[in-house]
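Reading through the structure tokens given below for one structure.
The values are calculated or read from the model by the stated rules, or taken from the named source; none is laboratory data. The model shown is predicted, which means the values in this text are computed figures rather than measured ones. Virtual Cβ from ideal backbone geometry, glycine too; neighbours counted across all protein chains shown.
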Amino acid sequence: MTTKRQMKLGLSCRYLGYHVAAWRHPDVPADGAVKFSHFLDVARKAEAEKIDMIFFADSVGVRDENQPPGSAARSMKNAELEPITLLSALASCTSHIGLVTTASTSYNAPFHIARKYASLDHISGGRAGWNIVTSWSEQEAWNFNRDEHIDYDTRYAMADEFVDVVTGLWDSWEPDAFIRNKESGVFYDEDKLHVLNHVGKFYKVRGPLNSARTPQGRPIIVQAGASEPGRDIGARAADVIYASAFSLEKAQAYYADMKGRAAAYGRNPDELLIMPGVTFYVDETMEKAKAKQDAMEALIDPLLGLSIIYHSFGDLTDYDIDGPVPEPKNAKVRSIAGNLFQMAQEKNMSIRDLYLAVAAGNSGWTIVGTPESIADELEAWLTKGGADGFNICPATLPGGMEDVSKFLLPELRSRGLFRTEYEGTTLRDNLGLPLPTFGDVRNRRGYPAAAAE
């Protein structure tokens with residue numbers, strides 16, 4: 001008897017949900033983004049349903065440019081908890097769910113990142129994950145002694161080397177290096193200490209890391225970039241790719257590309273999991289599901305609507321809001337802007353249509369439907385080479401997680417597509433990934449894919 005392949009599921013938890021007007025929903029605590037109790041409630045609900053991981057996107061600045069004027073005061077994206085601190089607290093109140101968050105390679109030092117995530121992995125018993133980003137906003141640059149953000153090519157080159165340093169530091173100690181023998185007086189085996197001594201273009205880091213090897217060998221590495229340099233970093237270094245796609249055809253192309261790149265780096269492609277983000281509006285009937293989406297759309301202020309596509313299309317206040325979508329202007333994140341413009345062209349969307357669509361899932365893929373129709377689509381992506389799992393981006397929290405629990409997960413389980421119990425105690429166990437070998441990420445530079453860069 002063949003066991004049906006199961007999907008992996010993450011829950012993205014930033015702010016109060018992925019709809020831009022989530023904070024105005026009557027069942028959402030408007031101040032929840034700065035309340036530990038809010039995130040603890042969400043994390044416990046997700047863990048009770050055996051979700052693989054909770055995921056926190058992050059930035060080191062308030063990115064809102066108040067364009068159009070007055071929009072910033074209508075946005076909830078301004079005050080939040082620092083995620084490593086938050087996840088460390090959540091670690092003590094949970095036991096199995098993975099704890100993943102973003103940290104920028106542009107505005108951190110590699111040693112800081114290596115140490116913080118190693119500590120989170122120890123605190124949580126092997127459930128930590130680092131999402132690699134390069135940052136993109138000028139607002140973040142202004143908080144770190146810069147007048148403008150680092151140019152595109154430089155920041156990706158920095159990120160590539162940054163990953164080598166972090167993973168090298170995580171390899172400072174072999175698993176059994178610490179003897180701690182009180183009788184002999186030997187605390188660690190000198191032969192099992194590895195000093196990095198990294199000297200590169202952007203970083204000079206001696207090491208070793210003042211942290212033992214972590215419970216899952218090293219924290220899980222997640223990567224979310226869809227650009228060419230981002231894809232190469234992900235294929236070489238990541239365990240999980242947080243993907244963005246709006247159709248099965250596009251997802252299949254991205255999936256095949258990333259699996260092929262992983263193989264070119266000498267990897268087993270099955271050990272690179274592709275998990276697109278998706279927002280659900282789900283209920284027992286299509287009419288009820290659509291009513292949930294319509295209720296959220298009614299809460300969007302037009303100024304806020306225009307602001308959420310500003311970084312892709314510039315200031316559109318002089319355009320007819322019900323007219324066609326113009327081409328992107330100086331997009332901050334080119335891959336997102338390109339996807340949005342393509343979607344607008346294919347669906348003949350107006351500016352208003354586009355910002356409503358973006359608002360529904362924070363620029364991501366959105367499905368409105370019944371448990372059966374949504375499960376059909378997810379199963380198609382899973383079985384037809386579009387995904388290994390999904391990052392659920394609920395429109396609101398905690399309501400979005402409650403809807404997934406009530407409507408979607410029972411349907412997925414009835415089809416044998418999602419677990420009923422965790423497979424292990426670490427995030428790596430539950431994702432079905434092997435323990436990493438020493439030097440695995442840095443050693444992949446020796447493969448043809450790296451030589452072609």
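Figures for the structure shown
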quantity: Selected residue (criterion: surrounded by the most Cβ atoms within 10 Å (Cβ to Cβ)) from residues of region 135-160 that are touching a Phe, Trp or Tyr at 6+ places or on another chain (Cβ under 8 Å) and in a loop (DSSP other than H, G, I, E, B); calculated: Ser135
quantity: Region 45-72, subset in a helix (DSSP H, G or I) and in contact with a helix residue (DSSP H, G or I) (Cβ under 9 Å, 6 or more places away or on another chain), residue surrounded by the fewest Cβ atoms within 10 Å (Cβ to Cβ); calculated: Ala48
quantity: Only listed residue being touching a Pro at 6+ places or on another chain (Cβ under 7 Å), buried (at least 16 other Cβ atoms within 10 Å of the Cβ), of a type outside the set (Ser, Thr, Tyr) and within 30 Å of Leu431 (Cβ to Cβ), chosen from Val205, Val163; calculated: Val205
quantity: Residue within region 85-99 that is of a type outside the set (S, T, N, Q), closer than 20 Å to Thr134 by Cβ and either part of a strand (DSSP E or B) or at pLDDT 90 or above (or both) present; calculated: no
quantity: Scope region 199-226; condition in contact with a strand residue (DSSP E or B) (Cβ under 7 Å, 6 or more places away or on another chain), part of a strand (DSSP E or B) and within 25 Å of Asp58 (Cα to Cα); matching residues; calculated: Ile220, Ile221, Val222, Gln223
quantity: Which listed residue is surrounded by fewer than 23 Cβ atoms within 10 Å (Cβ to Cβ) and either more than 20 Å from Thr279 (Cα to Cα) or of a type in the set (Phe, Trp, Tyr) (or both), from Asp31, Asp27; calculated: Asp31
quantity: Ala245 in a loop (DSSP other than H, G, I, E, B) and at pLDDT below 95; calculated: yes
quantity: Residues that are under 20 Å from the mean Cα position of the chain (by Cα) and either among the aliphatic types (A, V, I, L, M) or modelled with pLDDT of 95 or more (or both), drawn from region 15-31; calculated: Leu16, Val20, Ala22
quantity: Residue under evaluation Ser184, criteria (1) of a type in the set (Gly, Ala, Ser); (2) part of a loop (DSSP other than H, G, I, E, B); (3) surrounded by 14 or more Cβ atoms within 10 Å (Cβ to Cβ), criterion not met; calculated: (3)
quantity: Residues that are surrounded by 20 or more Cβ atoms within 10 Å (Cβ to Cβ), small (Gly, Ala, Ser) and in contact (Cβ under 8 Å) with a residue 60 or more places away in the chain, drawn from region 235-287; calculated: Ala235, Ala237, Ala238, Ala243, Ser244, Ala245, Ala251, Gly277
quantity: Near pairs, Cβ below 6 angstrom, 6+ apart or cross-chain, from region 395-419 (in contact (Cβ under 8 Å) with a residue 60 or more places away in the chain and at positive phi) to any residue that is surrounded by fewer than 20 Cβ atoms within 10 Å (Cβ to Cβ) and not small (Gly, Ala, Ser); calculated: Gly416/Lys4
quantity: Elements of type helices (runs of 4 or more DSSP H) contained in region 370-453, each with 1 or more residues being touching a strand residue (DSSP E or B) at 6+ places or on another chain (Cβ under 8 Å), closer than 15 Å to Thr279 by Cα and modelled with pLDDT of 95 or more; calculated: 371-383, 399-403
quantity: Among the candidates Arg218, Arg206, Arg231, residue that is touching a residue at least 60 places away in the same chain (Cβ under 8 Å) and either under 12 Å from Asn131 (Cβ atoms) or not aliphatic (A, V, I, L, M) (or both); calculated: Arg218
